[in-house]
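The values are calculated or read from the model by the stated rules, or taken from the named source; none is laboratory data. All figures in this text were calculated on a predicted structure; none of them were measured in a lab. Cβ placement follows ideal geometry from the backbone for every residue including glycine, while neighbour counts extend to all protein chains displayed.
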Amino acid sequence: MPANVRKPLAALCVLALPLTACGGNTAASDEKVVTVYSADGLKGEKGDGWYDRIFKDFQKETGIKVKYVEGGSGEMVQRATREKFNPQADVLVTLPPFIQQADTKGLLQKYTPKGAEQVGGADKAAGGTWTAVVNNYFGFVRNTKKVKQAPATWEDLLDGSYRNKLQYSTPGVAGDGTAVLIKAMHDFGGEKPAMEYLAGLQKNNVGPAASTGKLAPKVDKGELLVANGDVQMNYAQSKSMPNLGIWFPARGSGKPTTFALPYAAGLVTKAPHTANGRKLLDYMLSRTAQKQVSEVGGGFTARQDIKATDANATALTQLMDGVEVFQPDWNDIQKNLPSYIDAWKSATDS
């Protein structure tokens with residue numbers, strides 16, 4: 001789902017109040033509001049996304065209004081970091097490795113939502129600071145009218161027919177953009193060959209893009225032929241963008257590959273509305289909300305005890321058939337991400 005017009009943040013604490021009013025244990029915590037900073041992809045352009053549904057139902061059930069701010073995963077972590085000593089967000093939702101980055105920066109406090117015991121171990125923090133709320137996979141999209149057959153390999157994208165018709169979101173800023181590096185390093189067997197490939201691809205690349213969600217509409221219109229994305233977001237977008245086709249490139253004669261790229265959520269340290277943030281996290285992992293992940297959001301439930309059987313779930317299973325799923329070393333990626341980003345900038349003159 002394309003990135004929406006950003007909503008304003010919750011107002012800063014009134015200056016006349018004691019400084020502790022932003023700490024989450026005062027009258028501010030009693031307000032019927034919760035602020036979410038999130039990576040784009042789960043909110044619908046027409047109010048028909050998973051967030052739209054569960055935020056509305058959550059407010060109806062609890063009386064708590066959700067204030068929503070969205071952007072790239074890295075952008076949201078940077079914003080929360082700037083506000084670390086005066087937090088404005090209650091819940092932070094990003095893709096890996098940015099949820100791990102937020103954790104190491106001390107931006108997340110320990111809280112285990114109800115239902116988290118049904119989430120796989122790889123999809124939640126051992127320390128209890130975050131958990132996946134929607135499972136997802138990295139992928140690419142193409143314009144199905146102009147690119148009849150999906151490019152089978154990375155090497156196909158070097159063809160001159162993609163000159164100024166290919167774009168991927170910026171690594172280090174967007175979660176899906178960072179995923180381009182992760183998949184390339186896996187498929188090409190390391191940092192150096194991956195950067196050499198991306199350096200060659202740069203001649204076809206339109207340029208930087210802070211938000212992945214804004215690329216799919218350009219692909220649908222034919223302004224771009226291919227772009228990066230993720231399965232949940234692009235599948236949901238395809239409902240209103242009929243020319244989108246999701247695919248997964250291989251390297252050479254190898255199998256197409258992807259990896260899990262879940263939307264992971266955590267409670268912000270010293271959140272101004274900590275109690276409301278806990279309630280929202282509980283609701284996100286509730287059976288009701290999780291059953292709507294595929295039906296409404298076009299994604300994969302984070303709970304292992306829910307087996308979706310709706311039409312979207314069936315189509316998503318078929319889409320993933322034959323695609324090899326690998327497991328990134330998130331600890332390594334989180335630790336070395338700055339050097340990987342620097343290597344990418346050097347290779348692409350970005």
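For this structure, a couple of remarks:
- Within the stretch 293-350, if we keep just the residues that are among the hydroxyl-bearing types (Ser, Thr, Tyr) and in contact (Cβ under 8 Å) with a residue 60 or more places away in the chain, the residue that is surrounded by the most Cβ atoms within 10 Å (Cβ to Cβ) turns out to be 301.
- Single residue of 216, 250, 210, 199 found to be assigned by TED's automatic domain parsing to the domain that holds residue 144 and crowded, with 22+ Cβ neighbours inside 10 Å: 216
- For the stretch 40-47, the condition holds for at least one residue, the condition being that it is within 21 Å of residue 298 (Cα to Cα) and without any contact (Cβ under 8 Å) to a residue 40 or more places away in the chain.
- Filter pass, residue 220 being under 27 Å from residue 71 (Cβ atoms), part of a helix (DSSP H, G or I) and acidic (Asp, Glu): yes
- Filter pass, residue 223 being in contact (Cβ under 8 Å) with a residue 60 or more places away in the chain, over 23 Å from residue 299 (Cβ atoms) and of a type in the set (Asp, Glu): no
- Among the residues of the stretch 266-307, those identified as small (Gly, Ala, Ser), in contact with a Phe, Trp or Tyr (Cβ under 8 Å, 6 or more places away or on another chain) and assigned to a loop (DSSP other than H, G, I, E, B) are 297, 298, 299.
- Condition check for residue 128: of a type outside the set (Asp, Glu) and either buried (at least 23 other Cβ atoms within 10 Å of the Cβ) or touching an Asp or Glu at 6+ places or on another chain (Cβ under 7 Å) (or both): no
- Scanning the stretch 291-304 for residues that are closer than 24 Å to residue 145 by Cα and in the same structural domain as residue 31 (by TED's automatic domain parsing) turns up at least one hit.
- The stretch 245-267, residues that are over 30 Å from residue 87 (Cα atoms) and of a type in the set (Phe, Trp, Tyr): 247, 248, 259
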